[in-house]
1. Quick one: 3J(HN,Hα) in Hz for segment 78-83, Karplus 6.51/-1.76/1.60 with θ = phi - 60°, rounded, Gly and Pro as x.
2. Calculate, for ARG127 and LEU88, the FRET efficiency according to 1/(1 + (r/R0)^6) with r their C-beta to C-beta distance and R0 22 Å; round to the nearest 0.05.
3. Under 5 Å between amide hydrogens, which residues at least 5 positions from ALA145 or on another chain qualify, with H placed 1.01 Å from N in the peptide plane?
4. Karplus couplings for segment 39-50 from phi (6.51 cos²θ - 1.76 cosθ + 1.60, θ = phi - 60°), rounded to Hz, Gly and Pro as x?
5. Non-local amide H neighbours of PHE28 (under 5 Å, H modeled in plane, Pro and chain starts lacking H): which ones?
6. For PHE28, what charge total do you get from the other residues with a beta carbon under 15 Å from its beta carbon, if Lys and Arg give +1 and Asp and Glu give -1?
Amino acid sequence: MDLRRLRSGEWVIALGAIGLLVALFLPFYATGSADATGWESFAAIDVILALVALCALALVVVTAAQRSPALPIATDSLVCLLGVFALLLVLVRTVNLPGDADGREPGLWLALAGAAAIAVGSAFAMRDERLSEGGRHTDLTGRPAPPPQEIEAIPAPRP
C-alpha cells in the first residue's frame with residue numbers, strides 16, 4: 001500500500017467519509033428535552049449513509065493498493081454516484097425535519113458536508129489524469145519514474 005498514489009480527490013473523499021461516519025454519532029435534531037443522533041433519527045437512511053461512507057473509505061484503500069489506475073477510476077465513478085445519492089438523502093432530511101424535531105444540530109450539517117465532500121472529491125478524482133509536470137517524469141500511478149530514453153535518429157535508406 002502506497003499513500004503516494006492517492007490524489008487530492010481521494011484525500012477529500014477520505015475526510016468526507018470520516019466526517020459522515022462521525023456525524024452519525026452526533027446529534028442531528030433537537031427534540032424538546034433531548035437530542036436525537038443520526039442513528040436514532042432515521043430508520044434506514046442511517047445504514048445507507050454508513051455504507052456509502054464505508055464504500056468511500058474502501059475506494060481510498062483500493063487506490064493506495066492498486067498499481068494500475070483502472071480499478072480506482074472505475075471505483076471513483078461508483079463512489080461518485082453513491083456520494084450524490086447520500087448528498088440528496090441528507091439534503092432532503094435537512095429541509096424536511098422529522099415530526100417531533102424542532103431544530104437542526106451540528107451532526108446534520110457535518111453529515112451534509114461529508115456527503116458533499118464524497119461526491120465532489122470523487123468527481124475531482126475521476127478528472128485527475130496524473131500528467132507529468134515538465135521535467136518530472138511519473139508513471140501511471142504518479143510515482144517518480146526514470147526519463148524516457150532518447151530516440152536515435154537513423155538516416156533513411158538510399159534507393
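Laboratory data are not the source of any read-out in this text; all were calculated from the coordinates shown. The shown structure was predicted, so the numbers you read here are calculated from the model rather than taken from an experiment. Don't worry about glycine lacking a Cβ; one is built from the backbone with ideal geometry, like all the others, and counts go over all protein chains shown.
1. 5, 5, 4, 4, 5, x
2. Details: r = 22 Å, r/R0 = 0.98.
After rounding, the FRET efficiency stands at 0.55.
3. HIS137, THR138, ASP139
4. Karplus values, whole Hz, x for Gly and Pro: 5, 7, 7, 10, 8, 10, 4, 4, 5, 4, 5, 5.
5. ALA36, THR37, GLY38
6. Local net charge: -4.
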